[in-house]
Amino acid sequence: MKHINENGRSMVEMLGVLAIIGVLSVGGIAGYSKAMNKYKINKTTDQVSMLVANIRTLFSSQGDYTGLDNAAAIKFGVVPNEMYEADDDTGSTMKNAFNGSVTITSAVARSGSDVQDAFIIEYNGLSEEACITIATGDWGSGQSSGLIAIAAGVVEDSPDAGTLSAIGSQLGAGEDGTGGIYVDNVDVAASGSGIAAPGADNPTPMSVTEAVTACGADGSSGANHSVAWKYY
């Protein structure tokens, strides 16, 4: 009789294989999550740049931004289709790549003025990493860029559609016309303000230290991180 010796895998070997598969799966998920976050950050940068360019072009002949809000921006075609739903009853709800709200509104550029010669764009619901990366981006360091100021921070709740959060509201007043950059009559050069502006002591691009402090102030995983821009 011929004896055939069949060798099978031991339980230890099988557990080892499963462990390796588990490690690779976790690594793959982590890598995918990181890649998606980077994609969303890049998407946000592209969207904001497009919005700023489209808004400035559309209102260039008017001389100011009176009447600009979410509904007008969507109606006039300055907003990419991917940022809103055509069948939205309000006609003003906009979402960013992080599924947070987007607000566009006209604003005054100089303290004490009643001319709507500036506009604000605010992105809410960002991740902490996105908040820091976007806030420290080069959005304009000279007057020719049109950037008045950029603000970053954390708010408790996402605001209603078309409503600025406390972060965006800080950009309400703008420049006082004497060379200093002021927001609601408070000098944005103040340390820890979470606001940066061209030519200020807190210049753009916002420093990493400033952005980390502003975007990481809350620390909770469900925090609503926001970045707002104000342009001429």
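The values are calculated or read from the model by the stated rules, or taken from the named source; none is laboratory data. All values derive from a computational prediction rather than experimental measurement. Here Cβ is always computed from backbone atoms with ideal geometry, including for glycine, and neighbour counts include all displayed protein chains.
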Worksheet item: Name the pairs: first residue in the stretch 42-59 and free of Cβ contacts under 8 Å to residues at least 40 places away in the same chain and within 12 Å of Ile104 (Cβ to Cβ), second residue among the aliphatic types (A, V, I, L, M) and assigned to a helix (DSSP H, G or I), Cβ to Cβ under 9 Å, at least 6 apart or on different chains?
Response: Asn54/Ala73; Leu58/Ala73
Worksheet entry | Subset tally (residues that are modelled with pLDDT of 90 or more and surrounded by 24 or more Cβ atoms within 10 Å (Cβ to Cβ)) for the stretch 195-228 | 8
Worksheet entry | Candidates Gly192, Gly137, Gly153, Gly179, filtered to the one that is modelled with pLDDT of 75 or more and in a loop (DSSP other than H, G, I, E, B) | Gly137
Item to complete: Give the stretch 58-82 a look and list any residue that's farther than 22 Å from Thr44 by Cβ and part of a loop (DSSP other than H, G, I, E, B), or say none.
Response: Phe59, Ser60, Ser61, Gln62, Gly63, Asp64, Thr66, Gly67
Worksheet item: Looking at the stretch 166-176, is at least one residue over 15 Å from Lys230 (Cβ atoms) and surrounded by fewer than 18 Cβ atoms within 10 Å (Cβ to Cβ)?
Response: no
Discussion item. Consider the stretch 83-102. How many of its residues are free of Cβ contacts under 8 Å to residues at least 40 places away in the same chain, under 22 Å from Gly168 (Cα atoms) and part of a loop (DSSP other than H, G, I, E, B)?
Written reply: 3
Worksheet item: Among the residues of the stretch 112-134 satisfying the criterion of being among the aliphatic types (A, V, I, L, M) and modelled with pLDDT of 90 or more, which is surrounded by the fewest Cβ atoms within 10 Å (Cβ to Cβ)?
Response: Ile121
Worksheet item: Just for the stretch 140-150: of the residues that are part of a helix (DSSP H, G or I) and among the small types (Gly, Ala, Ser), which one is surrounded by the fewest Cβ atoms within 10 Å (Cβ to Cβ)?
Response: Ser144
Worksheet item: Does Asp69 meet the test of being at pLDDT 85 or above, over 21 Å from the mean Cα position of the chain (by Cα) and of a type outside the set (S, T, N, Q)?
Response: no
Worksheet item: Checking Gly77 against (1) of a type outside the set (Phe, Trp, Tyr); (2) on the phi > 0 side of the Ramachandran plot; (3) within 16 Å of the chain's Cα centre (by Cα), which test does it fail?
Response: (3)
